[in-house]
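Working notes for the structure below.
The values are calculated or read from the model by the stated rules, or taken from the named source; none is laboratory data. The structure displayed is predicted, hence computed values, not measured ones. Ideal geometry is used to build each Cβ from the backbone, glycine not excepted, and the neighbour counts take in all protein chains shown. For accessibility, only protein heavy atoms count, side chains too; no ligands or nucleic acids. Shrake-Rupley method; radii C 1.70, N 1.55, O 1.52, S 1.80 Å.
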Amino acid sequence: MLSKRIIFFIAVIIFTVFNKLSAQSGIVNGTVTDADNGESLTGVNILIPELSNAGTATNEKGYFELKLPVGSYSLKASLIGYTAAIKTDVIIKSGVNKTLNIRLSQSAVELEGVTVQGDYFDKAISENNLSTVVLGAEEVRRSPGSDQDFQRILQAMAGVSFSTDQSNELLVRGGSPNENLTVYDNMEIHSTNHYPNELNSGGPINMINVDLIDEIHFSTGGFISKYGDKLSSVMVINSRDGTRLKGIAANLNLSMAGYGAVLEGQINQGKGSWILSARNSYLSMIAGSVGLTSVPYYYDIQFKAAYDLSSIHKLTLSGIYGNDKIDVVGGSDHSNPLLANLRDSVDIENVLVRNHQYAVGLSLKNLWSDKFYTLTTVYTNSYYRDLDVKLDFTQRLYNNIGEVGYTNILGSRRVLKAKGNDGLTAIKSEAVWNANEWNEVNIGGSIKTGNYHEDVFMDADTARYDINGDGRFDAIISQPESAFSVNYNLFSQYKTYAYVNDKISLFEKRFIINAGLRYDYFSYSYKGNLSPRLSLSYYIQPDITSLNLSYGEYYQNLSYPEYGDRYNTEINRSLDNSHARHYVLGIEHIIADGLKLNLEGYYKLYDHLPVDETFIHYNDRTFRSDQKISIGRQKTYGIDLLLQQKLVKDIYGTLCFSRMWSEFNDPRIGFEDRAFPSDYDFPYVITAIFGKRLKDFRSQLNQLPFYLRIPTYILPFSDDMEISVRWRYASGMPYTPRIYTTAEQHRQGAVKWTGGTWIPSDEVNSARYPAYHRLDIAFSSRFNLNNWAISVFLSLQNIYNRKNVAYYQYISDGTIEDVHQFSFLPVAGVEVLF
């Protein structure tokens, strides 16, 4: 405990420092361009609505710059003939430059009596009106429960579910976590997360630093032909350029993602810029409070350099790197009163993971005229993984109350070893031609090639079966151990696609048509598919109310491991690409400034999904096969409601409600004409977020008498604070109940047979885990001093410590244990900018 003198001394220091805070200023600058062709716009009026005398206009290069007092503002950019754009969350910090890239779209005709203040929702940069949200860095930073991870914010959007707190995976409208396309700085990559795998684009935490985010576009359906090879969603992440006003600027930070720094600066007197982020994990320090028994270690690096070759040619180099390590050591802790003073022996699993990945791309954007531009990107990315799974055959001795008091490892064996590298080199290019004021044509394509190398060892498995139920084992099935390698060399296999999309705006932009066609081909499976897309939007009230409709065909190549088999016979090489057909109908209405209502209904039909032949022959427990068959069919439909309030008048929030039905046609022999809930069927998902910005709170406290004012300096109160809350509810995830039977036994530790085996019941996904719900609160406060600033934040997650179940662990002795998600978790962080 600190003595009273030390506490008083700290309070005096804080009081002295905070009393030196005076009116500081920062700079907001940026460029304004035409959303259709990227051309710089001159004479755009830039206004700060909160300040009566703050404004400027863009110069001939579309550039503007304003010096403002520190604080939180919105910024309005307007020009005759264009819809005004309003950027909220413009945070001005002492000595720090805030750079904005604003794009304006040509305005539609205005109806008499209809007043549109401006576009708060970045409609100018949305490629269609359906199922799309656009987020900025500040929205990511302040969201409660997100740990400054943008994918955890997207989990709160309408139509999105997730499996556990431990992962930021996105389950979009009944789709699996590998059905989401990730585009980072125009590079199509598998994942931007630490600890990814081939079958999941999610992970426990994202590699992308929120301080480097410019904007995020997320579409849950109906996306245009520009995007493909995924069935459910598109996530486009654009990183920001570094400052062009300073030689160097720095940001030191500590958050849930780790501790690190951001450095940035200008190149050649502002003709270009660079920015670099580096972070290292510190979860090992708080693992116990989070409920982590296995501690992840990781670090990541992110960079971007941009240079204007001329006023119409821009070159950009960007990249990201992550390195991950985790040892999941199985615990021997177990309690069973029936085993008091006895002993048993079980296999305890240990999993060791070593990963690293990177992506680097070079992009060239050419504005050939005010009607035509091209964007070409050459990039490479690689994902290296090393998975080692071992079983320790362990003897456990129980004390007199049935708890394990002593353990002894009798033997160890490796059951799985998978070590591989998935590398990709690609070039993609698109050309956008504004043929006239009502017709925009987008044509593009890509070719990808690379290396895929995988060395796999799988241990032998021996099982015996009492088929007749007479107490005698009738069959022993032995599957020998196997070791095989899969190699696709550079240029030996390739993926390619080409697309065209025609955007037609009729009746003074009140009726918008996106018609597209796409072709994808994968040389390994010899499969190619043609995908038509169509979306329609009709504005009942220009820029206010629109009715939206879309239809599209979507195909996806399987993940590389799904083509393999343990004996490397290529029996799965000719699998069909998975297919989904989307129908979406929705209405969007701008209720007030920054307040939007979106209601959508969707219908998705899946077919040609891969199904394990072993599952098809479910009734024969002795059947073994690595073959997959493209016969899976799934139907998903539902409604999504989104009510979103951007930061206007110091209030922001989101309300999302999703109702979904999703079922999979049962492919098992003997179960024809039946269906069961799909793996990612979440009937109800509700998320509510509310936030309030508090201004001049510190100044008000300073008016208190001295004896009341001094204690308040212990808490991080400032003149620029925010507090927000999030509550989330989701129906329990479906699972297949298991039955413990002694009629099937497996060889354990190579020395004995198990007493029994947990086998799946006939009723697939007929049960659900308990419903999930959780309350999070976030608080942030910003302090501005001479030419530098400090931001602190505190996040309290799962405040009422709900014991949300992640899954059930089935023990070989016939008992079941609950495995819980995150418990109550306080997270604090600090950011220093100078």
**Fill in**
Counting Lys and Arg as +1 and Asp and Glu as -1 over every other residue whose Cβ sits under 10 Å from the Cβ of Met733, the net charge comes to -1
**Prompt:** Amide H to amide H, which residues 5 or more places from Gln627 or on other chains are under 5 Å from it, using H placed in the peptide plane?
**Reply:** Glu613
**Message:** Please give the charge dipole size of the chain, origin at the Cα centre, charges +1 on K and R Cβ atoms and -1 on D and E Cβ atoms. Round to the nearest 20 debye.
**Reply:** 2080 debye
**Complete:** If every Lys and Arg gets +1 and every Asp and Glu gets -1 at its Cβ, then about the Cα centre the range 685-834 yields a dipole, in debye to the nearest 20, of 320 debye
**Item:** Highest to lowest packing among 361-367, 300-306, 586-592, scored as the average C-beta count within 10 Å
**Value:** 300-306, 361-367, 586-592
**Fill in**
Projecting the Cα atoms of Ser201, Leu79, Gly322 onto the charge dipole of the chain, where Lys and Arg contribute +1 and Asp and Glu -1 at Cβ, the residue farthest towards the positive end is Leu79
**Asked** Which shape class, rounded, prolate or oblate, goes with the range 428-508 when its Cα gyration tensor gives a ≥ b ≥ c as root eigenvalues, a/c under 1.5 marks rounded, and past that a/b bigger than b/c marks prolate?
**Response** oblate
**Fill in**
Summed over the other residues with a beta carbon less than 10 angstrom from that of Ala77, with K and R at +1 and D and E at -1, the charge totals +2
**Message:** What three numbers, in Å, describe the spread of the alpha carbons of the range 371-423 along their principal axes, ordered from the longest?
**Reply:** 82, 25, 10
**Prompt:** Can you tell which of Val500, Phe484, Ser699 lies farthest toward the positive end of the dipole of the chain, using +1 and -1 charges on the Cβ of basic and acidic side chains (Lys, Arg; Asp, Glu)?
**Reply:** Ser699
**Prompt:** At q = 0.17 Å⁻¹, what is the log10 ratio I(q)/I(0) for the range 126-265, with the Debye formula run over Cα points and no solvent?
**Reply:** -0.93
**Message:** For the chain, what does the helix formula give at 222 nm: sum of -39500 (n - 2.57) over DSSP H segments with n ≥ 4, over the residue count, nearest 500 deg cm²/dmol?
**Reply:** -1500 deg cm²/dmol
**Request:** Calculate the spin-label point distance for Lys803 paired with Gln106, positioning each point 7 Å from the Cα along the beta-carbon direction, and give it in nanometres.
**Result:** 6.4 nm
**Request:** Determine the alpha carbon to alpha carbon distance for each of Lys304/Lys448; Lys390/Lys419; Lys246/Lys365; Lys246/Lys304; Lys226/Lys365 and list only those over 19 Å.
**Result:** Lys304/Lys448; Lys246/Lys365
**Asked** Going highest first, how would you order 229-236, 213-220 by mean Cβ packing within 10 Å?
**Response** 229-236, 213-220
**Prompt:** Size of the dipole of the range 370-474 about the Cα centre, Lys and Arg at +1 and Asp and Glu at -1 on the beta carbon, nothing else charged, in debye to 20?
**Reply:** 360 debye
**Asked** If you bin the C-alpha pair distances of the range 583-653 every 5 Å from 0, what whole percents do you get?
**Response** 4, 13, 14, 10, 9, 9, 8, 8, 8, 7, 6, 4, 1, 0
**Complete:** Averaged per residue, the 1.4 Å probe accessible area of the range 512-597, protein heavy atoms only, in Å², is roughly 39 Å²
**Request:** Calculate, in whole percent, how much of the Cα-Cα pair population of the range 647-753 lies beyond 17 Å.
**Result:** 76 percent
**Using alpha-carbon coordinates, inclination of helix 4-19 to the longest axis of the chain, degrees** = 40 degrees
**Message:** Give me the Å³ per residue figure for the convex hull around the C-alpha atoms of the range 335-470.
**Reply:** 282 Å³
**Asked** Principal axis lengths of the range 718-797 from Cα atoms, whole Å, largest first?
**Response** 75, 33, 14
**Message:** Let me check I've understood the local charge: for His617, count other residues with C-beta under 14 angstrom from its C-beta, Lys and Arg +1, Asp and Glu -1. What total comes out?
**Reply:** -3
**Prompt:** What does the convex hull of the Cα atoms come to per residue for the range 437-572, in Å³?
**Reply:** 203 Å³
**Debye intensity ratio in log₁₀ form over the Cα atoms of the range 183-338, taken at each q of 0.15, 0.18 Å⁻¹** = -0.93, -1.15
**Asked** What is the Cα centroid distance between the range 725-775 and the range 588-627, reported in whole angstrom?
**Response** 21 Å
**Item:** Three principal axis lengths of the range 48-100 [C-alpha, angstrom, descending]
**Value:** 35, 22, 19
**Request:** Provide, as a two-decimal number, the C-alpha radius of gyration of the range 492-567 over 2.2 N^0.38 Å, N being how many residues it has.
**Result:** 1.62
**Asked** What translational diffusion coefficient, in µm²/s and rounded to a whole number, does the Stokes-Einstein relation yield for the range 339-396 at 25 °C and a viscosity of 0.890 mPa s, taking the hydrodynamic radius as the Kirkwood radius over Cα pairs?
**Response** 145 µm²/s
**Request:** Give me the accessible area per residue for the range 319-441, probe 1.4 Å, as a whole number in Å².
**Result:** 49 Å²
**Asp185, Asp502, Asp370, ranked by accessible area, largest first (probe 1.4 Å)** = Asp370, Asp502, Asp185
